[in-house]
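The values are calculated or read from the model by the stated rules, or taken from the named source; none is laboratory data. Predicted model, so just to flag it, every value in this text is computed and none were measured. All Cβ positions, even for glycine, are placed from backbone atoms using ideal geometry, and neighbour counts span all protein chains on display. Please note that ligands, DNA and RNA were not included when accessible areas were found on the heavy atoms of the full protein model with its side chains. Shrake-Rupley method; radii C 1.70, N 1.55, O 1.52, S 1.80 Å.
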Amino acid sequence: MRQKKLWGGRFTKQTAASVESFTESISFDWRLYKYDIEGSITHAVMLAKCKLITEKEKDTIVKGLKGILSDILAEKFEFKKSLEDIHMNIESVLIDRIGEVGKKLHTARSRNDQIALDLRLWTRDQTQQTIKLLVMLQREFVKKAKNYLSFIMPGFTHLQHAQPVLVSHYLLAYIEMFERDKTRLQDCFIRLNKSPLGACALAGTTLQTDSMLTAKLLGFKGICENSMDAVSDRDFCVEYSFCLSTIAMHLSRFCEEWIIWCNDEFKFIEISDDYCTGSSIMPQKKNPDVLELIRGKCGRVFGHLVSLLTLLKGLPLTYNRDMQEDKIALFDATDTVQASLSILTELVTNTHFNKERMMLACEKGFIDATALAEYLVKKGLPFRKAHEIVGNIVRECIRVHCTLMDLKLEGFKAFSSIIEKDVYKVLGVENCIKNYKSYGSTAPGFVKKRIAYWEKKLSDNSVPKYAN
């Protein structure tokens, strides 16, 4: 015989087994057990403070809840689909264990504000965990930037050779992206860090309760000011999912680049064998599957963001059962991004750059052409005129199969009489790097300063704790 529902008083028939199977959420919201118990303990403390239950009853409830938590951690707790969700599973077992007093726990509370609370607590913790993983990845990028400080590579636009840059400068670009990802999560944390507990189903309660007390005990900065909004708000889920999607996008861009760079046509990097896979038919293959999977999983994370937006777009106030689906999207997006951050940190640690191949690539594509144009500007030519002259010089170099550095002085003078021997001091990738004067970490001196800045900022004692 199936278990009687705690909400079944007005029903004359048991829920059909097919309906139980279709509507249950315990198969995925079991992950909220820690937060459901934490919220229930806090709620019991508040009920006792407000004289709605006795201190003895509170102690009995708290002890029972802690016992359930211990059983779950020891994998001795059976989650039952017939009890629908994490709330009913825990409450039903609590009543079985401590008797009638367990039925008092749900005083001045609804599953509507209960799930909103659980989800905020879970998202709050996961926000901080994602930030920690971003910091770990940033630290690896800083180490790489420091280790490869002297390495030069071609910078690209349109995937065409553009100008020479330091590998360190390239790596620092991603550190900046991940830093913005962290600050977005921090901003998200501020907005989600409010307690909905006390809103009940949608309109609060006639009982004398203290929502500020539960908010304080749970580490929230305050309460949701409108009870109808409190139980129906999932903006924080959307915002957090957007933050995850942006992280996934940045990771995918990076992975795309390194997938290209470990190709034999580039060979800018070499990934350690233990972070690659092979082919079932071609014995020579070494595939960057980790990078490809991270790139592929990005679309999955994007899909969860769209799912949440679509889920909420047509819902009238307040709670609707559609919102049960929010957790599937949020859980999987979080798992996917956190796993991607973790494995990518390992892969970056176990990858090295190929200095010779990158320098060889720098000899292609006339990547010192902009330096030549700026040389002419320093001689007094308008930039547009300098641009035209250098374009003509490049065309001539292509015709005679030489680089700008290889072109003789008379060859330059055929296009502009103001070009002198000092032109060779600006040509070549090393000279370009040496002559960079400004803008962030372009110049070697700025690179060193930025590496030192990030080393300090990302040290164990300097990483901000985005809590409360």
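Listed by chain and number, the aspartates and glutamates whose alpha-carbon sits under 13 Å from that of Lys378, ignoring those within fewer than 8 places in the same chain, are Glu420, Asp422. Among the GluC sites (Glu not before Pro) in the stretch 368-451, those placed in a DSSP loop whose Cβ has at most 16 other Cβ atoms within 10 Å are Glu420. What base-10 log of the normalised intensity I(q)/I(0) is obtained for the stretch 203-315 from the Debye formula, alpha carbons as equal point scatterers, at q = 0.11 Å⁻¹? Relative scattering, expressed as log10 I(q)/I(0), comes to -0.61. From the largest down, the stretch 381-443 spans 36, 25, 20 angstrom on the principal axes of its Cα atoms.
Could you work out how far helix 55-73 tilts from the main Cα principal axis of the chain, as a 0 to 90 degree angle to the nearest 10? Around 50 degrees separate the two axes.
The trypsin sites (Lys or Arg not before Pro) of the stretch 327-417 that DSSP puts in a loop, and whose beta carbon has at most 14 other beta carbons within 10 Å, are Lys364, Lys379, Lys408.
A DSSP coil position with no more than 10 other Cβ atoms inside 10 Å describes the following GluC sites (Glu not before Pro) in the stretch 189-291: Glu225, Glu265.
Spread over its residues, the convex hull of the C-alpha atoms of the stretch 1-123 is 114 Å³ per residue. Need one word for the stretch 252-372: rounded, prolate or oblate. Basis is the Cα gyration tensor (sqrt eigenvalues a ≥ b ≥ c); a/c below 1.5 gives rounded, then a/b vs b/c decides. Prolate, since a/c reaches 1.5 and a/b exceeds b/c. At each listed q (0.25, 0.26 Å⁻¹), what is the log10 of I(q)/I(0) that the Debye formula gives for the stretch 329-403 modelled as equal alpha-carbon point scatterers? Log10 of I(q)/I(0), two decimals: -1.09, -1.11.
Residue ranges 105-113, 84-92 sort as 84-92, 105-113 when ordered by packing (mean number of other C-beta atoms within 10 Å per residue, highest first). On a per residue basis, the chain carries 50 Å² of accessible surface, using protein heavy atoms and a 1.4 Å probe. Which option, [x] 23.4; [y] 26.6; [z] 25.3, is the value of Kirkwood radius over Cα pairs in Å that was calculated from these coordinates? The listed entry that was calculated here is [y].
Tell me the carbon and sulfur percent of the accessible area for the stretch 102-191, rounded to whole percent, probe radius 1.4 Å. Using a 1.4 Å probe with all protein chains present, the stretch 102-191 comes out at 51 percent carbon and sulfur. With the simple model of a label 7 Å out from the Cα in the direction of the Cβ, Gln284 to Asn392 spans 4.7 nm. The Cα-based radius of gyration of the stretch 53-204, divided by its Kirkwood radius, gives an Rg/Rh of 1.25.
Take each peptide in 182-190, 118-126, 202-210, count the other Cβ atoms within 10 Å of every residue, and average; sorted highest first, the result is 118-126, 182-190, 202-210. Highest mean first, the peptides 68-77, 192-201 sorted by other C-beta atoms within 10 Å per residue fall in the order 192-201, 68-77.
With θ taken as phi - 60° and the Karplus curve 6.51 cos²θ - 1.76 cosθ + 1.60 applied, the whole-hertz 3J(HN,Hα) list for the stretch 237-252 is 5, 5, 5, 5, 5, 5, 4, 5, 5, 5, 4, 4, 5, 5, 5, 5 Hz, x standing for glycine and proline.
Summing Lys and Arg as +1 and Asp and Glu as -1 over all other residues whose Cβ lies under 14 Å from the Cβ of Thr442 gives a net charge of +3. If you sort the three axes of the alpha carbon gyration tensor as a ≥ b ≥ c, you get a/c of 1.5 or more for the stretch 65-107 and a/b no higher than b/c, which makes it oblate.
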